[in-house]
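Read the structure below first, then the notes.
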Amino acid sequence: MDNPTATDLPTVAVTGEPTRAPMIGPLLSVRNLSVSFSTDDGIVRAVDSASFDVMANETVGIVGESGSGKTVTSMAILGLLPKTAKITGEITFRGESLIDASERQLEQIRGKQIAMIFQDALAALNPVYSVGKQIAEAIRVHNPDVGKPAMRERCIELLDLVGIPNPTERVDQFPHEYSGGMRQRAMIAMSIANEPELLIADEPTTALDVTIQAQVLEVLERIQDRTNSAIMLITHDLGVVAGVADRVVVMYAGRQVEVGSVDQIFYEPRHAYTEGLLASLPRLDRRADKHSRLHRIVGQPPSLIFLPTGCAFHPRCPHAEVPGRCDSERPELVDVGPAHQSSCFFADRVAAAVKVDQS
Amino acid sequence: MTATAIEEPTLAGNAEPVALTQWQLFRRRFFKHKVAVVSVVILILFTIACFAAPLIAPFSNTDQDLLLGAVKPNATHWFGTDTLGRDQLTRLLYAGQISLKIGFAVALIATVFGTAVGAIAGYFGRSVEQALMRFTDLFLVVPALAILAIALKHFGRTDTVVILVLATLFWMYVARVVRGQVLSLKEKEFIEAARASGASRTRIIVRHVIPNIIGPIMVNATLAVAAAIITESTLSFLGLGIQPPDTSWGNMLSDAEGFTGTGQSYLLYAPGLAILLTVLCVNFIGDGLRDAFDPQSEKH
């Protein structure tokens, strides 16, 4: 493939990399990851014993509200957390530890094997470079020898791949001349420029309106089809997860509360928090006259410094037995079905409640 | 819509899309700043005239006519002559060589060094920043003129020494400005995005940080050109600057200083105007460059 067209796999044109070695086991494996920051007010446990795997070519959705540790988890994977963060646990990528890796080794991995898509594309694009130059820079970091014409070709090709109209002209424009949706696509083009095996998308659609959101997600899926990369999709939007993810990790207050396939999470939730999240989605088939309100989970998410004892969700949980196990004992993630785990003592009660609601 | 598309509308599939390179965009933005363009022309003419002095000066650098003495500007001596009968235009051109050289060399050295120190301090933070900024403070608290005097006495009053000494006295301002800019810039998400793309710290500083602060750097550099020319005048005035027979604009100004308010006050005008014009031009160019470096300046 010396002369690939825009529809070809864009990797070979520039990198000329050998095909990847087949993977055995998970691409990314996170075990008991805890991240804490000491602040003047106390220790913030941003992530508390998170464990999950991402298999090759799989899309894993990480769902949770603001401050539930989603972004910190992804930053920990890339080794981008500030030095003040205290990190324990294991993160392995293709069997090699990322926690123990040197800055130099991490630089080799970042952008090349694991790339990140940021939420606010305008802020994440350098305002002084044209979009093409920026993509070129992302490529050049890992492939310093690519010539100018080849580079330009490649940038145009990438922009075309993510659906930027008129890429030959757009390649020379600046981020501020792009619309919001196009910026996010340019961001995606940049992150896939080196054909990473794992794409971490941190709220890639949050800043976009629904129509553009759908387009961007569609671009992500198309890219995954073409490059076989795995995607870790971080979002607070269950609708986004339902559309693209294979598996879902639900996080609450820095802890994983439920892990399962998309169908399991949406149709058989086994944790009260997941149940609450699903119930709070507006639904067309539910009666809503002017007196009824959208369902909500009562209370506020807890402070990460003063977490509730036992299960962090118990103060807001409708099924909690307080005083009892819920406020005294910390629940572990346990199997509640095939490849389905929940950290709720009363997963069966949740199941029963969901059944009633669905019938 | 971009200005490109407004000025040269292209229909899809009709003509080749107009794509300007970054250099072309830069040039276009600079040429929009008319005063800056005029300043460039004036400064170039100035520089050419000064460095071509042996060819175009009406008299020789060493010519004096003691019998003629000081005469007002006239057809033979456009800017008049001083008490030694030296043609002022000739002196102005030769002095310009030294003044311009000092101005630009000092600005260049001080800016490059100051930017490096400021960027490293700002980006790396912690102990590196502490060490570098205290080092900068050290230079700021040292009495400049005393150091200058000692250095010039020690190393001789050649223009190279003057340039180096002035550069040592000017880089701190650039360093401080750059550090401040870098401090706010390094928290930006695109810097984090650059880290996430695997760029090393040096690469991030050179490729992502400095291009974003080129505006303030340019402005500071132009201020340094002006400050260097003027400080050199001060030095010459104190008898510490360039030594005769070499001369600088500052030298000429200090020579003429005694004639303020007398019949020979015209002697002040030529070097004074030369300094004023140069400094003005440099500042306007700095302004134009700042706009030209900012890709968003076309957004009206």
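Of the residues making up region A:310-352, those that are within 19 Å of A:TYR267 (Cα to Cα), under 29 Å from the mean Cα position of the chain (by Cα) and not in a loop (DSSP other than H, G, I, E, B) are A:VAL334, A:ASP335, A:VAL336, A:GLY337, A:HIS340, A:GLN341, A:SER342, A:ALA347, A:ASP348, A:VAL350, A:ALA351.
Screening B:ARG203 against (1) within 14 Å of another protein chain (Cβ to nearest Cβ); (2) crowded, with 20+ Cβ neighbours inside 10 Å leaves a single unmet condition, (2).
Residues of region B:242-300 that are assigned to a loop (DSSP other than H, G, I, E, B) and among the polar types (S, T, N, Q): B:GLN243, B:THR247, B:SER248, B:THR260, B:THR262, B:GLN264, B:SER265. With respect to the conditions (1) free of Cβ contacts under 8 Å to residues at least 40 places away in the same chain; (2) of a type in the set (S, T, N, Q); (3) more than 9 Å from chain B (Cβ to nearest Cβ), A:ASN143 lacks only one, and its number is (1). Restricted to region B:15-116, the set of helices (runs of 4 or more DSSP H) holding at least 1 residues that are closer than 28 Å to B:PHE237 by Cβ comprises B:34-51, B:53-56. Taken over region A:122-147, residues that are of a type in the set (Asp, Glu) and buried (at least 18 other Cβ atoms within 10 Å of the Cβ) amount to 1. Step by step: first the residues of region A:157-169, then only those that are of a type outside the set (Asp, Glu) and within 10 Å of chain B (Cβ to nearest Cβ), then the one that is surrounded by the fewest Cβ atoms within 10 Å (Cβ to Cβ). Which residue is that? Filtering region A:157-169 for residues that are of a type outside the set (Asp, Glu) and within 10 Å of chain B (Cβ to nearest Cβ), the one surrounded by the fewest Cβ atoms within 10 Å (Cβ to Cβ) comes out as A:PRO165. Of all residues assigned to region A:193-202, none qualifies as being closer than 24 Å to A:PRO127 by Cβ and away from every other protein chain (no Cβ under 13 Å). Restricting region B:146-176 to residues that are free of Cβ contacts under 8 Å to residues at least 24 places away in the same chain and under 26 Å from B:MET218 (Cβ atoms) leaves a set whose member that is surrounded by the most Cβ atoms within 10 Å (Cβ to Cβ) is B:VAL165.
Every residue, every condition in (1) under 23 Å from B:VAL225 (Cβ atoms); (2) of a type in the set (S, T, N, Q); (3) over 24 Å from the mean Cα position of the chain (by Cα); (4) modelled with pLDDT under 85, yes or no:
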site: B:LEU108; (1), (2), (3), (4): yes, no, no, no
site: B:GLU129; (1), (2), (3), (4): no, no, yes, no
site: B:ALA144; (1), (2), (3), (4): yes, no, no, yes
site: B:ALA175; (1), (2), (3), (4): yes, no, no, no
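The values are calculated or read from the model by the stated rules, or taken from the named source; none is laboratory data. Here the structure is a predicted model, which means the values were calculated and not measured. So basically every Cβ, Gly included, is an ideal-geometry build from the backbone, and we count neighbours across all protein chains shown.
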